Every structure is written in structure tokens, then in C-alpha cells.
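What follows draws every value from the coordinates through simple rules; no lab data is involved. This one's a predicted model, so the numbers in the text were calculated from it and none came from an experiment. Cβ: placed from backbone, ideal geometry, glycine included. Neighbour counts: every protein chain shown.
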Amino acid sequence: MISFTAILTKILLIAIPMANAPLIQVSTEEAPKAIGPYSQGIRAGQFLYISGQVPLDPVSSQMAGTTIEEQTLQVLNNIEAILRAQGLTFEHVVKSEVYLKNMDDFKAMNAIYAEKFSHAIKPARQAMQVGKLPLDALVEISCIAYIPI
């Protein structure tokens, strides 16, 4: 039987180095450059925090598509590029937030989202309608990914 002290020691041996780990800015040319004072992503310990992505094409820096389906696909492609820059996939995403210009677009957005998150364990998620999104986008998605040791 393992003692409480032994368990606590193991937890501290894992937590202390992570608490002292530097924040690392994550950036890739395969996703759009930040359009403001923020990073594409920040790695903090075993987590990657990906900023809200709008449907910008990373090559042209122009909005991609006019439909919710086209824009959702571009947003998820941008997120996938940031994940890939850290050797991760959608399977590593533990939480996502979906912001919609119009909640009537939820079903169509969800169909595209389900294609990308087709693995067994889906991330926790919230979706909401907002008044306006940057560049008048129809959708913006942010997420948090877990980086296994």
C-alpha cells in the first residue's frame, strides 16, 4: 500500500517543475498571423492555449469563404496548424469555445466540427452567439490542448 506521503511527494515532483516552466509562444506560418496584441498560442507546462481563430487564410490574410461551413473549416484548419506546430492533433484538445455570429448556424458549424473531432473522446465545449466577431466573421473558435509527458 502506498502512503499518503509517497503520493504527495510524487505529485510535487511533477507539479514543481511545471510551475517553474517558462511560457512559450507558439507560432506557425501555416496559420494566420495575429491581427492584434496576442499570440497564436501559448504553451504553459503541459497545456497549449490557442487564441480564438477566425476564418483567415494564412497565405492571403483574407477571409476564407462566405458560408458558415466554409468559415468553420478554415477556422479548424488554422487551429490544426497551430496544434501541429507542437506535434499535437485534435485528439489532444480538452476544451473548446465556439463563438457564433448567429446561433442559427450552430447545426451547420457542428457538422464540420464533428468531422474534425471524430475521435472517441470529444473535448469539453461551449458554444454561444455573440454580438459581433473580428472582421465580421461568422465563427471564431479557441481551444486548450493537453500535452502528454
Item checked: Sparse-neighbour loop sites [trypsin sites (Lys or Arg not before Pro); region 68-143; at most 12 other C-beta within 10 Å; DSSP] -> 132
Next item on the list: List the residues whose amide H sits under 5 Å from the amide H of residue 129, counting only those 5 or more places along or on another chain, with H placed 1.01 Å from N in the peptide plane.
Entry: 100
Check: With axes computed from alpha carbons, what is the tilt in degrees of helix 106-116 against the longest principal axis of the chain, rounded to the nearest 10 within 0 to 90?
Finding: 50
Notebook entry, point to check: Helix 68-84 versus the longest principal axis of the chain: what is the Cα-based angle in degrees, 0 to 90, to the nearest 10?
Noted result: 30
Notebook entry, point to check: Roughly what would the spin-label model give for residue 136 and residue 91, points 7 Å off Cα along C-beta, in nm?
Noted result: 4.1
Next item on the list: May I ask you to evaluate 6.51 cos²θ - 1.76 cosθ + 1.60, the Karplus curve with θ = phi - 60°, for each residue of region 50-59 and list the ³J(HN,Hα) values in order in whole Hz, giving x for glycine and proline?
Entry: 9, 4, x, 9, 9, x, 8, 6, x, 7
Next item on the list: Give me the percent of DSSP beta bridges within region 22-146 that run antiparallel, rounded to the nearest 5.
Entry: 80
Checklist line | Cα-based Lys pair tally, region 22-146, threshold under 20 Å, eight or more apart or on separate chains | finding: 7
Check: Using Cα pairs under 8 angstrom and six or more residues apart, how large is the relative contact order of the chain, in percent?
Finding: 27
Margin query: Can you compute the helix-only [θ] at 222 nm over the chain? Use -39500 (n - 2.57) per DSSP H run of at least 4 residues, normalise by all residues, nearest 500 deg cm²/dmol.
Written below: -9500 deg cm²/dmol
Next item on the list: Could you compute the FRET efficiency for residue 120 and residue 25, with r as their C-beta to C-beta distance and R0 at 25 Å, rounded to 0.05?
Entry: 0.20
Next item on the list: Please give, to one decimal in nm, the separation of the simple spin-label points placed at residue 129 and residue 107, each 7 Å out from Cα toward the Cβ.
Entry: 1.5
